[in-house]
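The block underneath contains the structure these notes are about, expressed in structure tokens.
No lab work stands behind these numbers, since they all come straight from the coordinates. The shown structure was predicted, so the numbers you read here are calculated from the model rather than taken from an experiment. Positions of Cβ are generated from backbone atoms using ideal geometry, with glycine treated the same way; all protein chains shown enter the neighbour counts.
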Amino acid sequence: MNLASRRMMDRSFTVLGILSILVMAGALLCLLGPIVIRGVNAFVFRATVEHRQMLAEKYGVGDREAVKRELAQAEQHRTKIYRMISAYEASLEDESYAMRREMGGELDELKDRLRDLLGPFPGDPDPILMREQYGETRWDRALVVKDEVIFREEYDYSDPSAMGVLVHVPRADTFEGTSLAPLFPYLENHLSDILRPRWTFYWRFFTTESYDAHFFGGIWPEILGTFYLTVGAILFAVPFGVISAIYLVEYANPKNPLVALIRTCISTLAGVPSIVFGLFGLAFFINELHVSESKSVLAGSLTLAVLILPLVIRAAEEAIRAVPKTYKEAALSLGAGRWRTICTVILPAAMPGVLTGIVISMGRAAGETAPIIFTAAVSAGGVVALGETLSQPTPALPWNIYNICSEHEAVNEIRHVQYGMVFTLVFLVLLLNSTAIWLRARIAKRLRGA
């Protein structure tokens, strides 16, 4: 190959490398962009006066007197809406029974939507559910509910050859010519005065428990539960993984069929679906060994430890093999035994590589859902104290993310919580990985004698 052809190939590979990096960066932006933008919206948003009232009454947070003044100002605009409804209800008394029945149903539907937006009407009995005690606490959700007040969803079946088409019909057409007709333009023009939105940083999203199925409060139990499970899995997996790697590299005979079988089993375990590990944890750790009576953080940590064990073994093996043989020969020539050489020379030199495997394992353990479904995770629960991890289950970010998006009765109303959990999980994994990378860099720097 002549010099010109070699230069052309070098430039081609350089261009391909740059393009690959750009494609990967674009893919990461497409993946993480919506997570970050919508995840931040979970704790940085425009809160309504209903949100400030809820914080003052349920958490004792904020200036109660200022909240009362805001509520009084908002009540001036809400009173006009209540008067329109009362006037219309009075006018229905003079109508026929059929008209009262038809329009009464329309009025009840309208009032239900208004209760979702503004909270209970004056004179309503005290609601039981916390979500019904207040109106919309977030401005973005208030705009959605406002449209549900102004428009009614119907299906258009005018085309017999096609399925029904969803259309939005203005409710004002139903109440045209009545005392309720001015309500809809008034609500649209004065919604800001009625709910008084204000930008807020809701830091309690990370530090409080959830209330009323994540309609209010935060995700602290899920964060703490994820941390417990991840750290517990590392504490169990790392010692066994490193010891196994030392045996396979330093002690085992590579020509022994049993050793070859062990390596094959390790490689096979690395490819087993995670749901299988969950069933194994339920059958072995809970039903057979009885580490806990039912689900617990301990059982979940042990299951995740088995899941990440092959990764830890493989990473530790490669790190130990990468240590120059001269290190071992120098230690043995000075009279050190094999085990002393391993502990004082080989392992410290291999520690950066071992930590790399731990970093990868931590990320996988923190994000796994299937193994903890049967062994550790619950959909709702409070903060688990450190002493209760041996016997109590815990909420966890991966499982609760899945549970909210697939099984929650009002998933669209708390979509911000789902994205907030995803953002927190990604941030938590990055934080754990950054800590491990920083620790690895310090160890490597110390080994270099810097």
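Specify which labelled value, from [x] 63, 52, 36; [y] 104, 71, 41; [z] 107, 67, 52, agrees with Cα extents along the principal axes in Å derived from the coordinates of the model shown.
Answer label, from the structure shown: [z].
Using Cβ counts within 10 Å as a stand-in for footprinting exposure, how do Ser179, Ser12 rank, fewest first?
Ser12, Ser179
In percent, how large is the relative contact order of segment 84-186, given Cα pairs closer than 8 Å and 6 or more residues apart?
24
Go ahead and estimate [θ] at 222 nm for the chain from helices alone: -39,500 (n - 2.57) per DSSP H run with n ≥ 4, summed, over the residue count, rounded to 500.
-20500 deg cm²/dmol
Using DSSP to call loops (not H, G, I, E or B), can you name the GluC sites (Glu not before Pro) in segment 104-179 whose Cβ has at most 12 other Cβ atoms within 10 angstrom?
Loop-located and lightly packed - Glu176.
Going by the alpha-carbon gyration tensor, a ≥ b ≥ c the square roots of its eigenvalues, is segment 42-164 rounded (a/c under 1.5) or, if a/c is not under 1.5, prolate (a/b greater than b/c) versus oblate?
It comes out oblate by the Cα gyration axes.
Give the relative contact order (percent, whole number) for segment 220-447; include only Cα pairs under 8 Å separated by 6+ residues.
Relative contact order here is 30 percent.
List, in the order given, every pair from Lys80/Lys146; Lys255/Lys325; Lys58/Lys80; Lys58/Lys111 whose Cα-Cα distance in the structure shown is over 24 Å.
Lys58/Lys80; Lys58/Lys111
Restrict the search to segment 167-258; then list the trypsin sites (Lys or Arg not before Pro) that DSSP places in a loop and that have at most 13 other Cβ atoms within 10 Å of their Cβ.
Lys255
Quick one: check the C-alpha center-to-center distance for segment 62-100 versus segment 260-317, whole angstrom.
Using only Cα atoms, the two centres lie 60 Å from each other.
Run the numbers on the chain and let me know its relative contact order in percent, using alpha-carbon pairs under 8 Å that are six or more apart.
18
Could you please rank Tyr247, Tyr228, Tyr202, placing first whichever residue has the fewest other Cβ atoms within 10 Å of its Cβ?
By the 10 Å Cβ count, ascending, the order reads Tyr247, Tyr202, Tyr228.
Under 5 Å between amide hydrogens, which residues at least 5 positions from Val44 or on another chain qualify, with H placed 1.01 Å from N in the peptide plane?
The answer is Tyr202.
If you take the square roots of the eigenvalues of the alpha-carbon gyration tensor of segment 28-95 and sort them as a ≥ b ≥ c, do you get rounded (a/c under 1.5), prolate (a/b over b/c) or oblate?
Judged from the Cα gyration tensor, segment 28-95 comes out oblate (a/c at least 1.5, b/c at or above a/b).
So, in Å, what gap is there between the alpha-carbon centers of segment 125-144 and segment 399-420?
17
How far is helix 257-270 tilted, in degrees, relative to the longest principal axis of the Cα atoms in the chain, given as a value from 0 to 90 rounded to the nearest 10?
Taking the Cα atoms of the chain, the angle to 257-270 is about 20 degrees.
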